[in-house]
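Here's the structure, in structure tokens; my notes come after.
Just so it is clear, none of the values below were taken in a lab; they were calculated from the coordinates. These numbers come from a predicted model, not from an experiment. When we count neighbours, we look across all protein chains shown, and the Cβ atoms used for this are built from the backbone with ideal geometry, even at glycine.
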Amino acid sequence: MQKQLLSLILGIILLATQAMAQQRAVTGTVTDAVDGGPLPGVTVKLKSTTTATVTTGLGRYSINAKPGQVLVFSFVGYKPQEATVAASGAVDVKLQTDATALNDVVVTAYGISRDKASLGYHAPVVKGSEVAETQRNDFFGGLQGRVPGLSINSTNGNPGASAQIVLRGFVSISGDNNALIVMDGVPINNTTLNQTRELVSGAANRDQDYSNRAIDINPNDIETYTVLKGPEATALYGSAGASGAIIITTKKGKAGQASINYNNSFRVEHLNKFPKQQTMYNSGSVGVYDPVSTFFNGPAFVPGTQLYDNIGEFFQNGFTQKHNLTFDGGSEKFTYRWSNEYSDTRGTIPNTTYKRFSSRLTSTAEISSLLKMTTTFNYINSNNDKVNKGPNGFLLSLYRFNPSFDINNYEDAKGNRVLHTSSIFGEYDNPLWEVNKNKNNDKTNRILANTNFDFTPAKWLKVNAILGLDVASTSGLSAYHAQSYRGSGSASAPTGGRILTYDRLDRIFNGSLTASAKQKAGDFNATYILGATFNDFNSSTNSQQGQNMYDPNFYNINNTLPTTHRVLNYINRYRTVGAFAQAILGYKSLLYLTLSGRIDGASKLMNPTNYEDSKPFFAYPAISTAFNFTELNFFKEHLPFLNSGKLTASYAITGKEPWREYSLGTNYVGATTTGGGYYLSNYAGNPNLKPEKSKNFEVGAELQFFNNRLGVQVDYYRLRSEDQIINPRLSYGGGFVLELINGGTVLNRGIESQITGGIFRNKNFSWDVTSNFTLNRGVVLSLADELPELYESDSWVSPAARSAVHPGASTAAISGTRFDRNNKGDLLLSPLTGLPTTSDTRYYPIGDRNPKFTLGLVNKFRYKNFNMSFLWDLRYGGDVYNATEYESYGRGTSLKTLDRETPRVITGVLKDGLENSANPTRNTISVTPYYTPAYYTTNISPEMFIERNIKALRLRDVSFGYDFPKSTISRLKYIQSLGVFATITDAVLITNYTGSDPETNANSTGVGGIGGYGIDYGNVGKPIGFNLGLRVRL
Amino acid sequence: MKMHNIYKIAAVMSALFVTTGCKKYLDINSNPSIPQEVRAELLLPPIIYQMSNGTTQDNRVIWKITQNMGGVSALDASLLWEKHGFPPASDVGGVIWRMTYVDLGLNLENMINDGVKNEKYEYAAIGYAIKAWAYQMTTDLHGPIILDEAFTVGQLRFKYQDQPEVYAKVREWGNLAIKYSKMQSPVSYATTLAGVSGDGIYRGDMAKWRKFVYGLFALQYGHLVNKPQFKTAYADSVVKYADLSIANEAEDATIGYTSSVAADSNPMGVQMGLMIPSTATTYYSRPTTTILSLLTGGVRGTAATAPVFTSVDPRMYRMLPGTPTIVKVPGLPDINTLSYQAITPNLGSTSAGIPTVLGAVPTGAAAPIGHYIFTDRSRYPIMTYNQLQFVKAEALLLKGDAAGAYDAYTKGIRAHMDFFNQYGRASTTPDPAISAAEVNTYMASSEVAQNAGDLKIADVMQQKYIAQWGWAGLETWCDLRKYHYDATVFRTYYQLTAGELFASNNGKFAYRFRPRYNSEYVWNSDELAKWGGLNADYMTKETWFVLPN
């Protein structure tokens, strides 16, 4: 097959060359006239023909032309230039920057291109190649640190891990805070499976991770990412875009010579940071050895006992290979691009893999001079083998695994679990047993199709219609082996293994119709945009669960006892419609005013039993201004070094529809108990639910200095979100346990800044720096009806601490119980034991997971044919709850328990009735934890494991590239360019956090609100990865 | 393009939106996987199931206080209930609360409404009967509870009402149940009610449902023994309603199961795992010395020490699980090698080997097969004939009618033997039925009062304790509370010393449960404060029915 493909490709190329035999291949380099740096991506066109090409990464091009013909060089931001082909010799060109560089065009909602100068807000753009270069499987992982205000919070470093994609901090307490992902004008599916609602097991979203579906997108297909943050920017996407949007423009074929690009990458990954465990004390209690115990409060290991490095043995080196093959080309009237990707990742945890095949075909056709059509068809197939996390996941199993046992010895010759302490029912799994026998897998087949019509009936009028279809089918399996701790049940009720399988079919069908009209009258110009959209989401999940597997090693639902079968069908469906109007009014290019209005209709606001009184529609406005003050002569004359300057201000209101479907009406649940039947769901229907409302005010400035060598962008925003849709527990007196209600106000304020600098530029060497600064403060001003706390129960992974909000505290508070203290704040200690007490069982905000600020720093160097870039990413401040350490401490495996034989007196006063008097009794009771194991178990508090003010400096990505000079590759006849590159991902992490990685989430992104962000429980961090690859263009 | 044209287009488009087309398109906010409106017929099966689930879960901790059963764990979380205490910030002990307001709650209301509105009178009758029962259980457990304000749409905080008001409502609903049970529905629901998804208690026999309601009334009046009006008025009500109620063990209110899977089996059975949560959890369901002594001579005499298979009471080995001895005697039946041990409440017994009431694990097996009424297939008792006979005996005895009391007392004991024969033998290897000879022997023994003159209140209450052991935890607790845990009435009850009681009890025994934590302590703290519910010793506050006034 491969051979045939190669001969086919060669054949095509040979035919093409023969046809042009009478012409000569003109080559040359296009450079910047000011700094002499090469300009990649410049279109080189043979005048009055359809023949064209683009320059390579080094600014080189090659085109067949006859002497005397004229070449036209054009590039965004530069003045077009022409050159005549001579009989021989290269044609090198230096392009001058266009003085009206501010006329850069930004793609906003629905593919509407707007002059940058007219935007009343900032819309940072990241090049697709910059992200693709990192060689990460998911594009969002590569965006971290490259955009101010964008935060990517991944669950852990495993292949296929889910991640929150959050712009400008968490705004919704319980709702979805993820940015909308829009590809070529069409919002795509970025949902994560919610185990609780959609699966028959109904489990909390924490022991398994499910990918967020944006992971399916091949980063190599992406031309640019435009990030729309404020609600003003996303007013055009309505409710769905209320958390901001990432607008992805994919690569299209380019007219001119056809080309074939191939690149590959091979990566080795190594996990180098995880907490150590103590190997001095054996299992037991009060210094007495107990082989059955999983608490390590026993005596010291007998000298000479063989201890195994089980943690080191467990992790393996990961390996990834990735291949991209792209064909593109076409004429002025028709272009095509067919890109294919295959990637295969084997993670650092045994039996974790992520494989993906993606094939994407894009064509653009000019059907007539008035109508242009772009059609895309993308098929993606992925396969993700995962492991369990949480209390019985591999990491906590690993930490409590006795080092005197060999981890590799997990299965005997007959395939039985090797036991050390108890029966299969009572002993926790050996982590290698866990990852080998408890299977977790997701397989996804996905098709993304979209068609984009551009109709230009008159010069001033443009009509755009987009239709998109996104169908994803995922089949998943989650199994606990019959002999595993979780799958065996109990001795009295053995379950003999458990399998859960599911099939989920997601279908999104959406479309938009927009018309934009331009008008010019003297110094005044105006653009009017009108549009309407619809979006139809339908997801159906069928899940099956069975127990008592006949063959414990055959993972299929058919292999389970029929009487244990349980099934669930869950359908999530919702629709939205929207209409919007926008007027952009400009005076010269000096002052712009944009007025927008939108009406949204959301099916989630329909009352199923009361059609007449349902109010699914809600409307909101936005206003923004842009003042390009450097257009004034005063600045041109007096501040010549200031190339451009713009001040912006905007105010916008956005509505957010309820985050859960079917929440207005009452819902029933099918009973699985005797006689079947139906009973009411625990969730009360709330017919009075209304949209969450955000009001955003924003001011900003954008300045370019010294021939655009230095750019500064600053924004300040203040976002007040009212009528939060929360899901509190209620008094059962209402008949329900929970209800979606409106209540609570959240205020987010922040500063974002981007500074870009061309520090050094000449013909051979250049150095460019971009810094992205983000500061966000989110505070919960109030909660419904003076509710003291609202918590997310899925995040309650560790005793006495959970993700919750309290009025007056940060949106990202962590809530927990506290040790008792007297009025002066002294620790209250038991007069009997001298240990702290926790008699108050209320939850208080004990930490704030929100970082104080983050800073991303991108450096790019080029020296002749070498280029190099690296991204530093700093997180400064904010707390992380180290629940893994809480667990280790309680079990006596933490390094902090090594001083257990040292007597100590806890500072505090005795709770003897005098604690609040003028002379409380100071504690003098000495405790030796070795003999008082309660020191580590009952007398611990989550406060002790909140790691405060965490700073983490990461070198996220480093890439080196080398393009072989033309002279070297000219001998390879059909190769236009050839390069090699090396990339290191997650190269360095310098942090004061003592656990694996402060970037962690105890839940999957299936949980709304803030979720388990910043709660480290049984997760590992990101491995360091070394990539090597080559890229070749034919 | 002129501005006003834009506005025109915008106006037209907006108008289009608000009109029918789009709204119709959006009208999909109902779950297609589940019906949105459910008929009474489909609401009934889960309601009946939840009656057994809710009471079983709370019984596990109520039994620790009544000393029906306890744990063998020395952990605080297990022992605090045996100490008459409660775990802070926990929903344990709040399942009946949840049952009444959520699991039955609006399901029951909807069933009753559908029954009344659409002339399905059987469902209205059964609904009111269950509602009356549920509220009586809830107030007996918690004292003041949410009553009139329950299920008010849009309300987040609810007023409590005390027991006299709840009892009055219970009688009102009971009478409505009786009214509807006598009405003829235009369409017969007999087949549906008798089917698998029908009435799991009486299969639609409305006469028996009436008896159930009368039984409920008898129990209610029976709680009021400390009230001055008891002898003059309430005792007669007890007798009247007991006589109108269940007439023999065949008419007992019991819930049946198909027991194919855990969720479809008796919650007190093996599969559901409530009585044996896991091998690691040792908190629940071990018999105590209190019951063991009552079955081995402790009702009137001295209980046997180191009891074995043979006991004065034929129910002993049939109700309690035996502990297999280490030495097996060759040639003798297995059963003779059983010894009987029980835990002492509040000690976190060191006898970890004491099996749960489901029985010891047979050699080579992973789980017990279940024993007495603790099997997957056993019917779950809600109210029994023998129970009501003891209520009647107590009332008559207090009133001064010793002869009538004695008659009801002996009927009660004999009926409980019959109860065993009818409901206690669902295990795959059941114990033999109690023979008439065995019954007669017991009736003639020193454990049973031999004539009306010899009958003491302790005889009645302790026989009632035995008869209710293992299912009517709450009614047993009502009895203990009525007599203030009197050691002369409940002779084998382990009297905890002040030091053994839960620290914040201030030396007092428990008289009520705190309302469910996650329902009330989060939202309703103002209302709780009104009743003293925020005080650490709220649990020791006597409920209204215990008090003289």
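Of note:
- Pairs of alpha carbons in chain A whose separation is greater than 52 Å (percent): 24 percent
- The stretch A:632-666-the stretch A:152-195 distance, computed between alpha-carbon centres (Å): 22 Å
- Helix-derived mean residue ellipticity, 222 nm - over the protein assembly as shown, DSSP H n ≥ 4, -39500 (n - 2.57), to 500: -5500 deg cm²/dmol
- FRET efficiency, 1/(1 + (r/R0)^6) with R0 41 Å, evaluated for A:E332 and A:L590 via beta carbons: 0.70
- C-alpha long axis of helix A:2-19 to longest principal axis of chain A, angle in °: 20 degrees
- Multiplying the residue separation of A:R821 and A:D899 by 0.36 nm and subtracting their alpha-carbon distance yields 25.5 nm.
- Sorting the segments A:380-389, B:250-259, A:70-79 by their residues' average number of neighbouring beta-carbon atoms within 10 angstrom, most packed first, yields A:380-389, B:250-259, A:70-79.
- Cβ-derived FRET efficiency at R0 35 Å, A:T833 paired with A:T421, nearest 0.05: 0.75
- Neighbour cut-off at most 14 other Cβ (10 Å), DSSP loop, chymotrypsin sites (Phe, Trp or Tyr not before Pro), the stretch A:526-594: A:Y550, A:F554
- For the stretch B:394-504: rounded, prolate or oblate by the Cα gyration tensor [a/c cutoff 1.5]: oblate
- Candidates per trypsin sites (Lys or Arg not before Pro) in the stretch A:571-678, loop by DSSP, up to 14 other Cβ within 10 Å: A:K588
- Overall form of the stretch A:165-267 per C-alpha gyration tensor (a/c, 1.5; a/b vs b/c): oblate
- Cα centroid separation - the stretch A:243-318 against the stretch A:968-1034, whole Å: 15 Å
- Candidate cross-link partners of A:K437 among the lysines, defined by an alpha-carbon separation under 27 Å and a same-chain spacing of 8 or more, comprise A:K273, A:K276, A:K355, A:K386, A:K389, A:K414, A:K1022.
- With contacts taken as Cα pairs under 8 Å at a separation of at least 6 residues, chain A carries a relative contact order of 12 percent.
- In a DSSP loop and with at most 15 other Cβ atoms within 10 Å, the trypsin sites (Lys or Arg not before Pro) in the stretch A:830-869 are A:R842, A:K852, A:K864.
- Residue by residue, the stretch B:417-426 carries 3J(HN,Hα) couplings of 4, 5, 4, 4, 4, 8, 10, x, 10, 8 Hz when phi is fed to the Karplus relation 6.51 cos²θ - 1.76 cosθ + 1.60 (θ = phi - 60°); x denotes Gly or Pro.
- Cα pair distances of the stretch A:939-1002 binned at 10 Å [whole percent]: 16, 27, 18, 14, 13, 7, 4, 1
- Each pair of Cα atoms in the stretch B:140-223 enters the Kirkwood radius, and Stokes-Einstein at 37 °C and 0.692 mPa s then converts it into a translational diffusion coefficient of 217 µm²/s.
- Cβ-based charge dipole, chain A, positive-most Cα from A:V927, A:Y502, A:G89: A:G89
- Volume in Å³ per residue [convex hull over Cα atoms, computed for the stretch B:32-187]: 156 Å³
- Remark: mean inter-chain Cβ contacts per residue of A:596-603 equal 3, using a 10 Å Cβ-Cβ cutoff to other protein chain atoms.
- Extending 7 Å from Cα along the Cβ direction at B:D486 and again at B:A247 yields two label points whose distance is 3.4 nm.
- Point-to-point label distance, A:F1026-A:D613, nm (Cα→Cβ direction, 7 Å offset): 6.9 nm
- Cα-Cα over 22 Å, subset of B:K179/B:K240; B:K83/B:K227; A:K94/A:K763; A:K646/A:K951; A:K79/A:K763; A:K763/A:K860: B:K83/B:K227; A:K646/A:K951
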